[in-house]
Amino acid sequence: MKEYDYILFDLDGTLTEPAEGITNSIKYALEKCGISGVTTEELLKFIGPPLRDTFMGFYNFSEEDAEKAVDYYREYFSGKGIFENRVYDGISELLDKLKQKGKKLLVATSKPEKFTNQILEHFDLAKYFEFVAGATMDNSRDKKADIIQYALEHIQEKDYDRVIMVGDRHYDIGGAIANHIDSVGVLYGYGTKEELTKAGATYIVSSVKELEKFLVI
């Protein structure tokens, strides 16, 4: 089994289960934009990709309207939705074991860094991570490949053979490939095995327990 010294983690769908907060925030934003009656199930597609792209892709918003929708989203999310969230069972224990093994842990997420840091602090996860790479509020850094590249700039190891990205969607896998690092797709989040396989995940695991067996070497 290959050993990794630097491990990058996605946030939503990998460390935390954020569905309630994200879907409530999206419903709020859509209603502000005159769209109602959307089901929670329909809104799960918002978990993972940059919000602006999803508003434009799924609701045909113009770039200007998508920016307004993101502002409405953040209006609800920053006050309430951010903590309508929970840590997946076993994640805290996994991170603790990895730290004890001397692994260097980083977060690489499409969620803005401001919100990411608040979530990590709230759930007592911040202590495990060397660095947090997230999106910027002005969208200058929101693509997953750019976020992973930003994270990699802050590690000492330049031989990326010992670096791996952990995530639940094809965006995580594609971002890892673009940066020439391995990836492990997790099936307990929001991506399917078909999605992660098609994206080119180096490995796929089904549970937090299986992820622990894979990473804690």
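The values are calculated or read from the model by the stated rules, or taken from the named source; none is laboratory data. Quick caveat, the model's predicted, so the values are computed rather than measured. Here the Cβ positions follow ideal geometry from the backbone for every residue, glycine too, while neighbour counts run over all protein chains shown. These area figures cover heavy atoms from the full protein model, side chains too; ligands, DNA and RNA do not enter into them. Shrake-Rupley method; radii C 1.70, N 1.55, O 1.52, S 1.80 Å.
For this structure, a couple of remarks:
- Annotation for Lys213 and Asp138: the two label points, set 7 Å from Cα along the Cα-Cβ direction, are 4.8 nm apart.
- Over all distinct Cα-Cα pairs of region 62-152, the Kirkwood formula returns a hydrodynamic radius of 14.5 Å.
- Charged side chains reduced to their Cβ positions (Lys and Arg at +1, Asp and Glu at -1) give region 1-83 a dipole of some 180 debye around its Cα centre.
- Taking all pairs of distinct alpha-carbon atoms in region 137-186, Kirkwood radius in angstrom: 11.2
- Tilt relative to the chain, helix 113-122 - C-alpha long axis, 0 to 90 degrees, to 10: 70
- Counting only heavy atoms of the protein chains and using a 1.4 Å probe, Glu113 has close to 50 Å² of accessible surface.
- Every Cα-Cα pair in region 1-77 was counted, and those over 18 Å apart are 42% of them.
- Magnitude of the charge dipole, the chain, Cβ model with Lys/Arg +1 and Asp/Glu -1, debye to 20: 380
- On the beta carbon distance between Ser78 and Lys2, with R0 = 30 Å, the FRET formula returns roughly 0.15.
- Rounded accessible area per residue of the chain, 1.4 Å, Å²: 45
- Coarse-grained scattering of the chain at q = 0.13, 0.14, 0.15 Å⁻¹, given as base-10 log I(q)/I(0) from a Debye sum over alpha-carbon atoms: -0.69, -0.81, -0.92
- Between Tyr88 and Thr16, Glu17, the built amide H atoms are under 5 Å apart, and every one of these is 5 or more places off in sequence or on another chain.
- Residue among Thr192, Phe61, Ala135 farthest towards the positive dipole end of the chain, charges placed on Cβ: Thr192
- Over 20 Å (Cα to Cα) - which of Lys27/Lys144; Lys104/Lys158; Lys2/Lys127; Lys101/Lys127; Lys2/Lys101 fall in this group: Lys27/Lys144; Lys2/Lys127
- Trypsin sites (Lys or Arg not before Pro) lying in DSSP loop within region 135-193, provided at most 13 other Cβ fall within 10 Å: Lys158
- Calculated on alpha-carbon atoms, Rg and Dmax of region 90-217 in Å: 13.9, 39
- Accessible-area composition of region 1-139, carbon plus sulfur, in percent [1.4 Å probe]: 44
- DSSP bridge orientation in the chain - percent antiparallel, rounded to nearest 5: 10
- The eigenvalues of the Cα gyration tensor, multiplied by 5 and square-rooted, give region 164-217 an equivalent ellipsoid with semi-axes of 16, 13, 7 Å from largest to smallest.
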